[in-house]
1. Under the definition of Cα pairs under 8 Å and six or more residues apart, what whole-number percent is the relative contact order of the chain?
2. Length gain on complete extension for the stretch Arg91 to Leu32, per 0.36 nm per residue less the alpha carbon to alpha carbon distance?
3. Just want the ordering: Arg81, Arg64, from fewest to most Cβ atoms lying within 10 Å of their own Cβ.
4. For the stretch 39-82, rounded, prolate or oblate, judged on the Cα gyration tensor with a ≥ b ≥ c (square roots of eigenvalues), a/c < 1.5 rounded, else prolate if a/b > b/c?
5. Which ordering of Asp62, Asp11 is given by a fewest-first count of other beta-carbon atoms within 10 Å?
6. Sort by residue number and report every cysteine in the chain with no other cysteine beta carbon within a distance under 4.7 Å.
7. Please order Leu32, Leu24 by the number of other Cβ within 10 Å, starting at the fewest.
8. State the volume of the convex hull built on the alpha-carbon positions of the chain, expressed per residue in Å³ and rounded to an integer.
Amino acid sequence: MTSVSPPGAFDPVRFCALTTVALLAWLVTPPLVVTVMAGLGLWAYARARRQGLTRSRCVLGDTRLVMGYLGLAFLLGLALRCAACCELRSRIDRRSAG
């Protein structure tokens with residue numbers, strides 16, 4: 001079953017693409033970029049979906065799948081960012097104690 005989006009509906013496909021680029025860049029950078037881009041993309045797709053967009057030009061197609069992908073990337077980035085902060089804090093505490 002294919003659903004058709006209304007003509008002129010805003011498709012925030014650039015956030016899907018930029019999140020993918022950020023995930024690839026994650027190999028050499030902290031996950032902060034992924035968290036920010038995925039969060040922005042999730043917000044943009046939620047807004048577009050409320051305005052009637054059901055199909056995206058993103059490879060995933062269905063906006064629900066795109067939002068799931070962006071949500072997962074956001075949560076993963078947030079979790080790894082928090083883990084990195086906890087690791088840094090523990091290193092500082094060890095240096096202060098010793």
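Where a number appears in this text, it was derived from the coordinates with a stated rule and is not lab data. If you're wondering where the values come from, they're calculated on a predicted model, not measured in any experiment. Every residue, glycine as well, gets a Cβ built from its backbone with ideal geometry; the counts of neighbours run over all protein chains shown.
1. On the way: 100 pairs, mean separation 32.6, N = 98.
Once divided by the residue count of the chain, the mean separation gives 33 percent.
2. In short, 19.2 nm is gained.
3. Arg64, Arg81
4. prolate
5. Taking fewest neighbouring Cβ atoms as first place, the list is Asp62, Asp11.
6. So, Cys82, Cys85, Cys86.
7. Exposure proxy ranking, most exposed first: Leu24, Leu32.
8. Looking at the chain, the number lands at 85 Å³ per residue.
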